[in-house]
Amino acid sequence: METTEFNDGPVANVRKTRPPDFDMTIAFVGNPSVGKSAFFSRLTGVGVVVANYPGTTVELTHGSVNVGSKKLDVVDLPGIYSLGASTEDEKVSKRYLLREYPDAIINVVDATRLERNLFLTLQLLEFNIPMVVALNQMDAAKEMGIEIDIEKLSEILGVPVVPTIATKGFGLEGAVFAAIDEKLSIEGRHRVHYDNHILRAIEKLDEDFPEIGYGIKVRALERDEEFVKLSCRPHDADLLLITSESITDDIEKAHGMSISDTIVRDLYGEAGYIVDSVTTQVEHKVTFKERIDSVLTSEYVGITGLVAALLLTFFVVFTVGGFLEEGIVSLFETFLISPAESLLASSHPVIRNVIIYSLLGVEAGFAIAIPYIAVFYVILSLFEDSGYLTRASFLLDNWTHKVGLHGRAIIPLILGMGCNVPAIMSTRTLNTVREKRIASVLIALTPCSARTVIIIGLVGTFVGYWAAISIYVLELVIIFATGWVLGKGLPGERTGLIMEMAPLRKPDRRATFQKTWLRVREFMYVAFPLLVAGSALLGLIDSLGVLDVFQNAVEPVSVGLLGLPAFAATALIFGILRKEMALQILAVLAGTANFALVLTPLQMYSFAVITTIYIPCVATIAILKNELGWKDTTLISLFTITLAFTIGALINMIGMNL
């Protein structure tokens, strides 16, 4: 890793860091839904690496591109609205810029929402990092009758401003060439005209700390301790924070509001002044897209359309995914599992079981990743890139608030009905760890397509249609009640939904398929190895007779408490590998697929409910571990087991007394 140390005195030894063999590092920063992903994918192609920022679950995407004689490391930071600390994404972006210190920033700005976007731009200008503004979606701005004086905007901001249309590739090279220009510097950049009280406070800090940068002093007045401590040496950071706190008390008394609110007000005021100076609104006819947008965001028609879109998403994922899964499973069974079983028939039982179960794990991995994850993420990318996802979030925000979440959580929850794995992965779009935890618990309780196989194949077939429907109603009640309790009682940061309504636009096909590939590839790299390892472990303990010991040990619970036959406990264990396997193993252990011959309707109903609620499958556990860590994964697993057994016992008790 190449490093360059600079800055002496009270300012911390900031180091530029970049991967080996790269000449420069460029960071893409911008609001969500500004076309940043399309910009990045057009620039870097498919040769990118996705990794969590150390100590977090927030993704950073790295790509490489050759420009002239220089090889660039390009980093796509998560979409953020400010450099505050209200969300995990904002914290990670701020930490990256202060710790890694890229050689240049390309700030991607939405030309149709210039005032909102300039709030972040003005904050970035206070970093001592060379910067270029990529004024994106110029075509959409033209459609809306917005004309922007590019040269004047560049003159005011004191940085190059390059007009771009990322989805068409227009202006991308110009923005990159401007970022790597050796003449690009931090001199002569725009400074916000803060309130006179704040300016005098900064002048006072200039006298006491002449070698500390202007932007650091502004953040110190905002009491952004992390920013100051990452920017200064420990002793000087403490002195600066103490000094600034004594000053800010007087300012807050004079204004009757916190100094952070005063600074935010000034930033928005400055952004508005700049927009008024450089933009002209010309008359334009109401476009077809604007008419569609007004329908999509209306209270009643919008909700109806959203429900239809979600049902269509579920139908496509379930239908296409189920069709692909059936074909993949058939291929594996015919050309891999069956030949392997014949080949290993005379081998040692331990070796045979470990290999066969490992192959079953490979089969399960491909049957989950390709059919459900890939299909859904194509649809999700289309929703994201078209701008529809923000509309769905706004429409359902009031409803999801009741379970401690926000509107954007509706997509992961709906996805959970197809497969819990991509649903948990998509919780990364939520703001805080608290929201991710709540959503992950609710997703773990959501009946996925594999659990639907059990509900329909067991209860729907042998007990009745309405009995099967009642399980879904029960699940809905459990999910809502759990969300309400967690929303009221789970500690953590609670944030409001502040989301810019991105304009409707045609998705970029290349960006859609690239994002789909990256997400599927991550599942293959992270969850797949754990899935195979877990399958091999189940095969080992089965061949050693541990499952029989387990079955006998838990018989007081499975038979006495839950009212199930003894062999049902073993079926539940196999359901951890893959939920529908619980039903398959139940048929093997019962000696027949006609469950009416060996189970009562009450036992079938209870078994289906318990299987639907209890511990998630191995693939889901692997993703939970990757997203939340082992502690939260263990707590979620224990909670679902306890809840499943409690409800199963209640069903048995009520059923026996009827």
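The values are calculated or read from the model by the stated rules, or taken from the named source; none is laboratory data. Please read these numbers as outputs of a predicted model, since none were measured by experiment. As a convention, Cβ positions derive from the backbone with ideal geometry for all residues, glycine included, and neighbour counts pool all protein chains shown.
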Unique residue being among the aromatic types (Phe, Trp, Tyr), under 30 Å from ILE370 (Cα atoms) and part of a helix (DSSP H, G or I) when the list is PHE550, PHE528: PHE528
Residue satisfying condition, being among the β-branched types (Val, Ile, Thr), at pLDDT 80 or above and in a loop (DSSP other than H, G, I, E, B), within set ILE80, ILE106: ILE80
The one condition in (1) buried (at least 18 other Cβ atoms within 10 Å of the Cβ); (2) part of a helix (DSSP H, G or I) that PRO447 fails to fulfil: (2)
Filter result (of a type outside the set (S, T, N, Q) and more than 15 Å from GLU126 (Cα to Cα)) within region 187-197: ASP195, HIS197
Scan of region 236-264 for residues that are under 16 Å from ASN196 (Cβ atoms) and in contact (Cβ under 8 Å) with a residue 60 or more places away in the chain, ordered by number: HIS255, ILE259, THR262, ILE263
Of all residues in region 89-103 being at pLDDT below 90 and buried (at least 22 other Cβ atoms within 10 Å of the Cβ), the one that is nearest to the chain's Cα centre (by Cα): ASP89
Answer from PHE366, PHE383, PHE318 - the residue that is farther than 21 Å from LYS579 by Cβ, at pLDDT below 85 and crowded, with 17+ Cβ neighbours inside 10 Å: PHE383
Any hit, region 446-466, residues being more than 17 Å from THR400 (Cβ to Cβ), under 24 Å from the mean Cα position of the chain (by Cα) and of a type in the set (A, V, I, L, M, F, W, C): yes
Test: ALA587 is closer than 24 Å to GLU363 by Cβ and part of a helix (DSSP H, G or I): yes
Search result, residues across region 295-313 that are surrounded by 14 or more Cβ atoms within 10 Å (Cβ to Cβ) and out of contact with any helix residue (DSSP H, G or I) (no Cβ under 7 Å at 6 or more places or on another chain): ALA309
Test: residue in region 572-588 that is assigned by TED's automatic domain parsing to the domain that holds ALA536 and in contact with an Asp or Glu (Cβ under 7 Å, 6 or more places away or on another chain): no
Residue that is surrounded by the fewest Cβ atoms within 10 Å (Cβ to Cβ) [pool: residues in region 213-226 that are touching a residue at least 24 places away in the same chain (Cβ under 8 Å) and in contact with a Leu (Cβ under 7 Å, 6 or more places away or on another chain)]: LYS217
Residue selected from region 155-199 under the condition among the small types (Gly, Ala, Ser) and farther than 26 Å from THR44 by Cα, by the criterion farthest from the chain's Cα centre (by Cα): GLY188
Given (1) assigned to a loop (DSSP other than H, G, I, E, B); (2) modelled with pLDDT under 85, number of the condition PRO565 does not satisfy: (2)
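Pick from LEU199, LEU118, LEU205, LEU153: which is hydrophobic (A, V, I, L, M, F, W, C), touching a His at 6+ places or on another chain (Cβ under 9 Å) and assigned to a helix (DSSP H, G or I)?
LEU199
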Tally, over region 253-294, of residues that are surrounded by 15 or more Cβ atoms within 10 Å (Cβ to Cβ) and outside any helix (DSSP H, G or I): 1
Residue identified as in contact with a Pro (Cβ under 6 Å, 6 or more places away or on another chain) and more than 29 Å from ALA511 (Cα to Cα) among LEU184, LEU157, LEU135: LEU184
Any hit, region 10-21, residues being assigned by TED's automatic domain parsing to the domain that holds LEU172 and modelled with pLDDT of 65 or more: yes
Residue in region 241-262 that is of a type in the set (A, V, I, L, M, F, W, C), modelled with pLDDT of 90 or more and outside the structural domain of PHE394 (by TED's automatic domain parsing) present: yes
